[in-house]
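Okay, so here's the structure we're looking at.
The values are calculated or read from the model by the stated rules, or taken from the named source; none is laboratory data. Just so we're clear, the structure is a prediction, and the values are computed from it rather than from any experiment. Cβ coordinates were reconstructed from backbone atoms using ideal geometry, including for glycine residues, and neighbour counts include every protein chain displayed.
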Amino acid sequence: MARVLILFAHPGQRHSRLNVRMAERARQLEGITFVDLYAEYPRFNIDIDAEQARLVAHDVIIFQFPIYWYSLPALLKEWQDLVLEYGFAYGQSGSKLAGKLFLPVVTTGGARDAYREEGSNHFRLRTLLSPLEQTALLCGMRFVPPFALFSAHDSATDGRGDAHIAAYLRLLSALRDDTLDLEAVLRRELLDDGEIPLIDAIRGPTPSETRPSPSSITARISE
């Protein structure tokens, strides 16, 4: 069983239409370590040693966040700047994260068509997240295509929200249980609400949300 860490960063949770619902359900999964960074570090006083130890103790690292101005919320960027140090995450002797999986889980306020070269945002979502992809590569991690929900504002009324949350839980369970066809997933540009059949890449029966003997449980602007 893989050890999965979710680092959740959402500075405007009272305005959230879906991301907080996703987080609430994800934190209930056994065998998943869930960390709300804004709750843990409201003054941005990040405990670098503790965060590095968390990373070392897990096999799958997930950043879950809403897209803010085509990038990360401020605390998550601060976390990257401080925690992913030279000599730890990269550089000479900096191989502590090598071989781990890294997955961004994101929501956007904009529609899917906006995130195209000819769309109003002029870039594809995967392109806008390329700094995260390069960070993962520099640290020796395997970058898993972003699990994304477009037009999150509308997801509660158009029927996509519940389906997306269900797909997220199955994806987390598959990562935890090592039942994901990773090679098939890595060939995709995105794992998103338009590709819910991505769950076809999960091998075997549908994983349950609870498992015996959990190994590690812890404790609007753009969506």
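One residue stands out in the range 140-183 among those that are over 15 Å from ILE6 (Cα atoms) and among the hydroxyl-bearing types (Ser, Thr, Tyr): the one that is surrounded by the fewest Cβ atoms within 10 Å (Cβ to Cβ), namely THR157.
Kindly indicate the residue of the range 109-130 that is in contact with a helix residue (DSSP H, G or I) (Cβ under 9 Å, 6 or more places away or on another chain) and either among the aliphatic types (A, V, I, L, M) or under 30 Å from ALA57 (Cα atoms) (or both) and also surrounded by the most Cβ atoms within 10 Å (Cβ to Cβ) among those meeting that condition. Among residues in the range 109-130 that are in contact with a helix residue (DSSP H, G or I) (Cβ under 9 Å, 6 or more places away or on another chain) and either among the aliphatic types (A, V, I, L, M) or under 30 Å from ALA57 (Cα atoms) (or both), the one surrounded by the most Cβ atoms within 10 Å (Cβ to Cβ) is LEU125. Just one of (1) out of contact with any helix residue (DSSP H, G or I) (no Cβ under 8 Å at 6 or more places or on another chain); (2) crowded, with 19+ Cβ neighbours inside 10 Å; (3) in a helix (DSSP H, G or I) fails for LEU137. It is (2). When the helices (runs of 4 or more DSSP H) confined to the range 1-97 are screened for residues that are at pLDDT below 95 and either within 14 Å of the chain's Cα centre (by Cα) or acidic (Asp, Glu) (or both), those reaching at least 1 such residues are found at 19-26. Which one of these is closer than 21 Å to GLU78 by Cα and not hydrophobic (A, V, I, L, M, F, W, C): PRO131, PRO145? Result of the check over PRO131, PRO145: PRO131.
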